[in-house]
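Participant: What follows is a single structure, and I will ask about it in a moment.
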Amino acid sequence: MARPKAAISWSGGKDSCAAYHRARDTFDFVAAVTMYNEDGTRSRSHGLRPEILAAQIERLGLESIAQTCTWDSYDDAFDRALETAAAMGVTHVVFGDILFDEHREWAERLSAGRGLTAVEPLWKESTTDLYRRFLESGTRARIVTVRSSKLDESFLGRDLADDLRTNGRDFLKSPHEGNYGNEAERPVHWTCFITVRFDVTHPELDARSRQRVGDLFATHGEYT
């Protein structure tokens, strides 16, 4: 039986990589949807360079569906991307959300607007368990963005490893598992299992997707 065609909402980070890996046996992935800033020089979510994302998507054998946008125009740009995906025969869109009902509701609302079904394979799982399974999978992740009010730039470029759990910060705790009352109180900006942003190398992604750490890029209180 043919598997449903799917697109992955691809940020280049750990969550989207883990969601893809979790759902790949259920769906026939044909495209990756990525949002970039207005001039296309950095990804909108993580501030990654386009060549990193292009290398990842190429090695996964997916078609890139990219849009540029401001945060104010993000919904409209994502809707255009979903329109393109639907025209390719995509019926499902896989997201890497784990927490926050409003994120899931947003994904479901925009997907339904184009007659697509949103899929959340990581939803409400323990971030600690996801972290450990990520390391066990053989996938590598490099920290590329931290919140400057909580951590300094020395954390940039470090590979995700088990010993990061005990370096004076509990990166594993989600808002539901830890004591952070809101986004501003968490050690770093929440975008992945452990509240950091990653440049990911999966076993399927060969050396061409392993990019050098670039120059320090500071924006909106974050180091990238």
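The values are calculated or read from the model by the stated rules, or taken from the named source; none is laboratory data. From a predicted model like this one, the values you see are computed outputs, not experimental measurements. As a convention, Cβ positions derive from the backbone with ideal geometry for all residues, glycine included, and neighbour counts pool all protein chains shown.
Participant: Please find, within region 1-27, the residue that is modelled with the lowest pLDDT out of those that are surrounded by fewer than 20 Cβ atoms within 10 Å (Cβ to Cβ) and not hydrophobic (A, V, I, L, M, F, W, C).
Facilitator: Checked region 1-27; the qualifying residue modelled with the lowest pLDDT is His21.
Participant: What residue, of Arg109, Arg49, Arg59, Arg44, is of a type in the set (D, E, K, R), free of Cβ contacts under 8 Å to residues at least 40 places away in the same chain and under 27 Å from Thr139 (Cβ atoms)? Before you say what the answer is, go through the steps one by one.
Facilitator: Working: Arg109 fails: under 27 Å from Thr139 (Cβ atoms); Arg49 fails: free of Cβ contacts under 8 Å to residues at least 40 places away in the same chain; Arg59 fails: free of Cβ contacts under 8 Å to residues at least 40 places away in the same chain.
Of the residues listed, the single one that is of a type in the set (D, E, K, R), free of Cβ contacts under 8 Å to residues at least 40 places away in the same chain and under 27 Å from Thr139 (Cβ atoms) is Arg44.
Participant: Residue check, Thr84 against (1) surrounded by 15 or more Cβ atoms within 10 Å (Cβ to Cβ); (2) touching a Ser or Thr at 6+ places or on another chain (Cβ under 8 Å), all met but one. Which one?
Facilitator: (2)
Participant: Please work out which one of (1) surrounded by fewer than 17 Cβ atoms within 10 Å (Cβ to Cβ); (2) at positive phi; (3) not aromatic (Phe, Trp, Tyr) is the condition Gly47 fails and give its number.
Facilitator: Answer for Gly47: the failing condition is (1).
Participant: Across region 136-158, which residue is surrounded by the fewest Cβ atoms within 10 Å (Cβ to Cβ) among those that are modelled with pLDDT under 80 and assigned to a helix (DSSP H, G or I)? Steps first, answer last, please.
Facilitator: From region 136-158, those modelled with pLDDT under 80 are 137-158; that's our starting set.
Cutting the leftovers down to assigned to a helix (DSSP H, G or I) gives us 153-155.
Values: Glu153: 12, Ser154: 9, Phe155: 20.
For region 136-158, the residue satisfying everything is Ser154.
Participant: Sticking with this one: Would you say Glu125 is more than 24 Å from Pro50 (Cβ to Cβ) and at pLDDT 95 or above? Before the answer, list the steps.
Facilitator: Values: more than 24 Å from Pro50 (Cβ to Cβ): yes; at pLDDT 95 or above: no.
Spelling it out, it is not the case that Glu125 is more than 24 Å from Pro50 (Cβ to Cβ) and at pLDDT 95 or above.
Participant: Hey, does region 55-75 have a residue that's at pLDDT 95 or above, touching a Gly at 6+ places or on another chain (Cβ under 9 Å) and among the acidic types (Asp, Glu)?
Facilitator: Scanning region 55-75 turns up no residue that is at pLDDT 95 or above, touching a Gly at 6+ places or on another chain (Cβ under 9 Å) and among the acidic types (Asp, Glu).
Participant: Would a scan of region 29-51 turn up a residue that is touching a Pro at 6+ places or on another chain (Cβ under 6 Å) and farther than 17 Å from Ala77 by Cβ? So that I can check it myself, show each step before the final result.
Facilitator: Filtering region 29-51 down to residues touching a Pro at 6+ places or on another chain (Cβ under 6 Å) leaves none.
Taking every residue of region 29-51 in turn, none turns out to be touching a Pro at 6+ places or on another chain (Cβ under 6 Å) and farther than 17 Å from Ala77 by Cβ.
Participant: Oh, and also: Report the residue count in region 119-150 for those that are under 16 Å from the mean Cα position of the chain (by Cα), charged (D, E, K, R) and more than 28 Å from Thr91 (Cα to Cα).
Facilitator: Counting residues in region 119-150 that are under 16 Å from the mean Cα position of the chain (by Cα), charged (D, E, K, R) and more than 28 Å from Thr91 (Cα to Cα) gives 2.
Participant: Evaluate region 112-122: report whether one residue or more is over 12 Å from Ser9 (Cα atoms), of a type in the set (A, V, I, L, M) and touching a Phe, Trp or Tyr at 6+ places or on another chain (Cβ under 6 Å).
Facilitator: no
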